[in-house]
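Each value in this text was obtained by applying a stated rule to the coordinates, not by laboratory testing. All figures in this text were calculated on a predicted structure; none of them were measured in a lab. Note: ideal-geometry Cβ built from the backbone for every residue, glycine included; neighbour counts use all protein chains shown.
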Amino acid sequence: MKKANVGMFLLSLLFLSNFVFSQVPKPEDIIGFKVGEDRKVADMHQIVEYFNRLGESSERVTVKEVGKTTMGNPFIVAIITSEQNQNNLEKYQKYQQLLADPRKITDVEAEKIINDGKAIVMINCSIHASEIGASQMSMELAYNLATKNDPDTKEILNNVILLLVPMHNPDGIQMVVDWYKKNLGTRYEGGRMPWLYHKYVGHDNNRDWYMFTQVESRLTVEGIHNVWHPQIIVDMHQMGSRGARIFVPPFVDPYEPNIDPILEQEVGMMGTFIATELTAQGKAGVIHSTGFDAWTPARAYHHYHGGIRILTEVASVKLATPIEIKFDELAKNVIQRSVKIPLPWKGGKWTLRDIVDYDYSAAMAVLTNAARLRKNWLNNFYVIHKKAVTRKEPPFSYLILKNQRDLSTAVKMMNVLQIGGVEINKAEESFWADGSRYPEGTYIVYMAQPYGGFAKTLLERQVYPEIRDYPGAPLKTPYDVVAHTLPLLMGVDVVKVDSPFVVKSVLLNRVKKPKGTVEYAEHPFGYMWSHSTNDDIVALNRLIKKGYEVYWAAEDFKKGDSVNPAGTMIVKFKYGLVDDLQSIVKDLYVNFKELDNKPEIKVYELKPVKLGLYKSWTASMDEGWTRWVLEQYEFPYRSVYNKDIRKGNLNQNFDVIIFPDLRDITIVNGISDKFIPPEYSGGIGEVGVKNIKEFIEKGGSLITLNSCSEFPIKRFYLPVENSVRRLNRKKFFIPGSILKVLIDPNHPIAYGFKREGAIFYRRSPAFTVRKGKSVVKYPVHNPLLSGWINGDNYLYNKSALVDVPFGDGKIILIGFPVQYRGQAHGTFKFLFNSIYYGPAELKKM
Ligand SMILES: [Zn+2]
């Protein structure tokens, strides 16, 4: 379309310079109303259509579908720059790739590129779908850049390549707009939606920037960021209504120490530039230097990849419904003039159009800054990477051992690093490092490489600083979680090496896991395999699904000279088994060994589990993550709703029900119909509590995750107490850290674990057990492995996971986020084992 129009385009330049531009549709031509009108929002389809039309009609805009979203919708990016730059996109892309890896160019070549290159800006709109203003604004921004010809716009177009993602979460935009339209004109107009605005992770889609579990994170990182290496990334959000009108950086302490200090300065510089521009335009209520820190890479991939990640947060309305706020209803920290907010807002009406205006001004300020300081941005980008590749200070490298308890999870961890651009080498000979000998095949992550800092922050243990406003002041508590050490979260063995060493090694493409094996056998009783990896569990799921008889050994047993520990999995031979095992080992790293005779031992006979996962109408992210993890590991399940539980007779449909991390009161009472339509209001009610109790007494199993243990403890008077429940934050606070635990590997829930392990701890209980089996507990010393802890003594010898018999059934309290954001691969198995353990029967084999 575009190329065919070149002739006509030139013609029109000569004779009718306005003709082509008049063909560029305005947003209202496509969506039918002006961007930002009260009670009007464009949905995902309209926004995609607008951008496609813009791409077809403007020589300054290229629209690309990067891929499909979680729910199969188009995920698009618009590349906006001058007509001339559009013809040289590949050249500028190449420039960026070279500046990002100074090993490939000389300083002289770099200087030429810096003179000739363009500043790359990425604007990411409405990652949180209900914060919808930026997605609407994006159309107006794109239209103006496509059509305006004033010197300021030209300056931007000539010096900047803008990568505009109009919707980071298109699925969510559609859901939120559908919900809004459905409730327009009712008392629920602009109110909350009873489900997550991302199929699995809701608001947590902005906590996925190092683990890349979700499709949209992968598309952004692999399809946009790693292709273009932007210097400037703007993430446009909204916040509550009663604070400032917009937050911009500087962020507050602490910055995570692996972030280059240049970026920290640039973040502050860009933030205050936006603040200045908005204030000069008379836009009141701009605040900076408050609230948000830059500690977790979960929100800031870019800070480890040479770019600044700016966050803007504009005050919300009720989606598109205007609100009125009186001055005395505003938060205390925004009403008085201060260095953080030199021009306070006076209150009054606040509309979607105001949000669009603030977002638009912020975007234009960023583009103006990028255009005018183009050379500084490119030069600093180069300097940051140059520092990274010439790094001298220890550590020299991290080693990832090939002899792992769970090798396929170790491979997953390496793949995560590789998606983040980290180079992984494999030793082609054995070698010495820091006084130890390592075999051929050991994986090596050198720190002196472009994204060595990204690798380092994910591989090392975090030490969160103690921050006080003044000496003797109370400790400042962190804004977000503070630990992200992947080897601890995933149960992978790594070694830090401080001193340089030399070894012949080869750079790997995507690390692949090895294939599993099936031992040959003449007439076996069956096959056995280990219980130590997550792949082992997937193999179990597949065999159960196919109807095989599968067991867990309930005691150690010998085969030849080797002892197989309790938990070893056994499948009884049946025609077709070997073929099925062969097909399993094609994609799972599982080693099936033949078992010639029946072992004379006690076993747990496993059954296909009718699994339910409680889904409340509070849009629980924990429920979403649980769903995601269950699906990844091939557990069939059904969602269980309030009405199902109120109806009762649960044993007919379920063997095991999981309750995700929800408060007791939320489960029982739900949300009032003041806030949500009646069909979604209320909880399981007292009758539901009774039905759950009956379900367990009749042999069902209830598994509660993290703080949800409060529900059975309180409602069923369990002989278990949460010892840290009443402690205030000053005494006891763990904001999201990794802790050491002691594990009883003879309990079926802990089969396959070692005696010591690591768990993620966040808003979690700690149990004192009067009756029941403590499966996982805290040591009698400080358990902190990574992050921050205050009041560690309150955890000493307390339980983290308890198996409580109840009637003919079981209540399993998993007192920590066992599936934490799809990252805690090292503890998933506690959940998986609990599911099978529920209905399993202990018997003689
Ligand atoms: Zn947000």
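Structure values in brief
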quantity	calculated
Cut-off 13 Å between beta-carbons: net charge of the residues surrounding K375, Lys and Arg +1, Asp and Glu -1	+2
L588 long-range amide H proximity, modeled H, under 5 Å	G516
Net charge of neighbours whose Cβ lies under 14 Å from the Cβ of D808, counting Lys and Arg as +1 and Asp and Glu as -1	-1
Ascending count of other beta-carbon atoms within 10 Å, so fewest first, for T666, T704, T70	T666, T70, T704
Per-residue Cβ neighbour rank within 10 angstrom, fewest leading, K346, K572, K615	K346, K572, K615
Estimated [θ] at 222 nm from DSSP helical runs (n ≥ 4, -39500 (n - 2.57)) normalised by residues in the chain, nearest 500	-9000 deg cm²/dmol
Between the stretch 43-71 and the stretch 784-799, the Cα center-to-center distance that results, in Å	50 Å
Two-site label geometry, K112 and R242: point separation in nm, points 7 Å out along Cα→Cβ	6.1 nm
Two-decimal log10 I(q)/I(0) for the chain, as the Debye equation yields it once each C-alpha is a single scatterer, q = 0.09 Å⁻¹	-0.98
The stretch 517-605 shape via C-alpha gyration tensor axes, a/c threshold 1.5	rounded
The stretch 225-257-the stretch 456-497 distance, computed between alpha-carbon centres (Å)	21 Å
Folded to 0 to 90 degrees: helix 107-116 orientation relative to the chain principal axis, Cα	60 degrees
Relative contact order [Cα under 8 Å, 6+ residues apart], the stretch 391-507, whole percent	42 percent
Other-chain or far-sequence residues with amide H under 5 Å of I232's (modelled H)	I120, M122, I308
Estimated vicinal HN-Hα couplings, Hz - the stretch 345-351 in sequence order (Karplus 6.51, -1.76, 1.60; Gly, Pro = x)	7, 9, x, x, 7, 9, 10
Rg followed by Dmax, in Å, when the stretch 308-402 is reduced to its Cα trace	21.7, 63
Sequence-distant aspartates and glutamates (8 or more away, or on other chains) whose Cα lies within less than 17 Å of K426	E440, D493
Other-chain or far-sequence residues with amide H under 5 Å of G67's (modelled H)	F75
Filter on K798/K843; K26/K318; K68/K91 - keep pairs with C-alpha separation over 29 Å	K798/K843
Lysine pair count for the stretch 517-605 [Cα-Cα under 18 Å; pairs on different chains or 8 or more apart]	19
Karplus-derived HN-Hα couplings along the stretch 632-641 (A = 6.51, B = -1.76, C = 1.60, θ = phi - 60°), whole Hz, x at Gly and Pro	4, 9, 6, 8, x, 7, 10, 6, 10, 9
Residues of type lysines that K283 reaches as a straight line, Cα spacing below 19 Å, ignoring anything fewer than 8 places off in the same chain	K326, K340, K346, K349
The chain - percent relative contact order, Cα under 8 Å, separation 6 or more	10 percent
The stretch 517-605: relative contact order in percent, alpha carbon pairs under 8 Å with at least 6 residues between	50 percent
Where only C-alpha atoms are counted, convex hull volume of the stretch 611-844 per residue in Å³	129 Å³
Cα long-axis angle, helix 170-183 against the chain (0 to 90 degrees, to the nearest 10)	80 degrees
Fewest-first ranking of F695, F327, using other Cβ atoms within 10 Å as the exposure measure	F327, F695
Scattering curve values for the stretch 3-388, log₁₀ I(q)/I(0), Debye with Cα scatterers, q = 0.13 Å⁻¹	-1.09
Acute angle (nearest 10 degrees) that the helix 685-697 long axis makes with the longest principal axis of the chain, alpha-carbon atoms	40 degrees
Using a Förster distance of 30 Å, the FRET efficiency for T279-K181 (Cβ separation, nearest 0.05)	0.25
Size of electric dipole in the stretch 391-507: Cβ of Lys, Arg +1 and of Asp, Glu -1, about Cα centre, debye, nearest 20	40 debye
Whole-Å distance, taken between Cα centres, linking the stretch 522-588 and the stretch 673-689	45 Å
